[in-house]
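In what follows, a single structure is set out as structure tokens and then discussed.
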Amino acid sequence: MPKLTDTQSIILSRAATRPSNLAMPLPEGLAGAAAKMAVTKMIERGWLEEVEANLRRGEPLWRETGDGHGTTLIATEAGLAAIGIEPVVATTMTNVRKAKLEVVSAPQDSPETPADPATPKPVSIRTGTKQATIIALLQRPEGASINEIVEVTGWAQHSARGMISGGLKKKLGFDVATTSDEQRGRIYHIRGSI
């Protein structure tokens, strides 16, 4: 067995007891540069792996990727073997996690096509809602300004901005771009619909 520090042992032992071998959250008191250094060494040795976090299941984030997504850490087969867990158990847990991720990311209309992480997931929007109205405004070739969104929805400006960044970008995964116009101000539009 490889020589592990106390911190590495604690991280791997806790991961072994969690669903999908999640290594997050890290032990209390391990944060900042110390956490980054410990995790980096464990990734280099192949004991931890950084994977996309399933935010719908509430998996804790290791870091945000800046596009409304984040990553989490899982213990690998090598990491679990380093603390004495049988390779069969480690392999089973790793395969279960990979299978769940493939099912979640597989396109629903054609199961024969391989999952492409760059392909956005289909989104269903209820018609007649303010969210649907905002999406329709942003899909127009001319886009929409915050003032135009406020006029249509009756919301405050900060609420409209929150819907764009939180609701449309982060939750629904729309690629919202902005441009500037002298008369209308900042114009928001959903890319691919211009």
Can you report the number of residues in region 111-156 which are more than 30 Å from A53 (Cα to Cα), loosely packed, with under 12 Cβ neighbours inside 10 Å and either at pLDDT below 85 or of a type in the set (A, V, I, L, M, F, W, C) (or both)?
2
Any idea which of L73, L61, L80, L22 is surrounded by 15 or more Cβ atoms within 10 Å (Cβ to Cβ) and over 30 Å from G167 (Cβ atoms)?
L80
Considering region 157-182, residues that are outside any helix (DSSP H, G or I) and in contact with a strand residue (DSSP E or B) (Cβ under 9 Å, 6 or more places away or on another chain), and then whichever is surrounded by the fewest Cβ atoms within 10 Å (Cβ to Cβ), we arrive at S180
For V103, all conditions in the list (1) surrounded by fewer than 16 Cβ atoms within 10 Å (Cβ to Cβ); (2) modelled with pLDDT of 85 or more; (3) not charged (D, E, K, R) hold save one; what is the number of the exception?
(2)
Scan region 23-30 and tell me whether some residue there is assigned to a strand (DSSP E or B) and of a type in the set (D, E).
no
Just wondering, is there one or more residues in region 46-54 that are touching a His at 6+ places or on another chain (Cβ under 8 Å) and touching a residue at least 12 places away in the same chain (Cβ under 8 Å)?
yes
Go through (1) surrounded by fewer than 18 Cβ atoms within 10 Å (Cβ to Cβ); (2) more than 22 Å from F174 (Cα to Cα); (3) at pLDDT 55 or above one by one and return the number of the condition V88 breaks.
(3)
First in region 128-150 and without any contact (Cβ under 8 Å) to a residue 60 or more places away in the chain and within 15 Å of G167 (Cβ to Cβ), second anywhere and exposed (fewer than 15 other Cβ atoms within 10 Å of the Cβ) and charged (D, E, K, R), Cβ under 8 Å, 6 or more apart:
A132/R126; I146/R186
Can you tell me which residue among L12, L48 is surrounded by 13 or more Cβ atoms within 10 Å (Cβ to Cβ), of a type in the set (A, V, I, L, M, F, W, C), touching a strand residue (DSSP E or B) at 6+ places or on another chain (Cβ under 6 Å) and farther than 26 Å from G66 by Cβ?
L12
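The values are calculated or read from the model by the stated rules, or taken from the named source; none is laboratory data. Here the structure is a predicted model, which is why all the values come from computation and not from measurement. Methodologically, a virtual Cβ is constructed for each residue, glycine included, from the backbone with ideal geometry; neighbour enumeration extends over all protein chains shown.
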